[in-house]
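Written below as structure tokens is the structure these notes are about.
The values are calculated or read from the model by the stated rules, or taken from the named source; none is laboratory data. None of the values given here were measured: they were computed from a predicted structure. When we count neighbours, we look across all protein chains shown, and the Cβ atoms used for this are built from the backbone with ideal geometry, even at glycine.
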Amino acid sequence: MPRYEFSKKVRREADERSGGRCEALGEIYGLEPGQRCNAPFKAGAKEFDHFPVPATEKGSDTLDNCVVCCPTCHAHKTRTFDIPVQAKVKRVSDKHRGIRPASKWGSGTRQKAEPQRSATRRIEKWSLLS
Ligand SMILES: [Zn+2]
């Protein structure tokens, strides 16, 4: 998936806007609702976050969508906001693999028979209902 990174110009303007202090705001960054972090940036410890439009979406690389934040705030958002979405996708695929254990059936032809059986069961259930 492409990421729309901020241009140097946007970063510089966002940097000036921040006044050298963390712009993270509200619960999504682990703060109180409406509260701004305001932590002064240590040398180099400054991150440019995409919010509210995620970096993967076109048009997210604007000054309005750029939040200059400290590593603490950025890490909180990544942990609680960005990662759960990815982790959920991973859990689903793990579960999916568990349905068809390759070792149990041995050959590839046996594995193919499994979905057909469950489809037949579903048809039987429907004919009982009608
Ligand atoms: Zn912060």
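Couple of notes before you dig in:
- Residue selected from segment 54-78 under the condition in contact (Cβ under 8 Å) with a residue 40 or more places away in the chain, in a loop (DSSP other than H, G, I, E, B) and under 18 Å from residue 11 (Cβ atoms), by the criterion nearest to the chain's Cα centre (by Cα): 55
- Residue 19 surrounded by fewer than 14 Cβ atoms within 10 Å (Cβ to Cβ), small (Gly, Ala, Ser) and either at pLDDT 95 or above or within 10 Å of the ligand (Cβ to nearest atom) (or both): yes
- Index of the failed condition, residue 42 passing every other in (1) more than 14 Å from the ligand (Cβ to nearest atom); (2) more than 22 Å from the chain's Cα centre (by Cα); (3) in a loop (DSSP other than H, G, I, E, B): (1)
- Any hit, segment 18-31, residues being of a type in the set (A, V, I, L, M), part of a loop (DSSP other than H, G, I, E, B), under 21 Å from residue 76 (Cβ atoms) and free of Cβ contacts under 8 Å to residues at least 40 places away in the same chain: no
- Subset of segment 22-39 (residues that are within 9 Å of the ligand (Cβ to nearest atom) and of a type in the set (A, V, I, L, M, F, W, C)): 22, 24, 31, 37, 39
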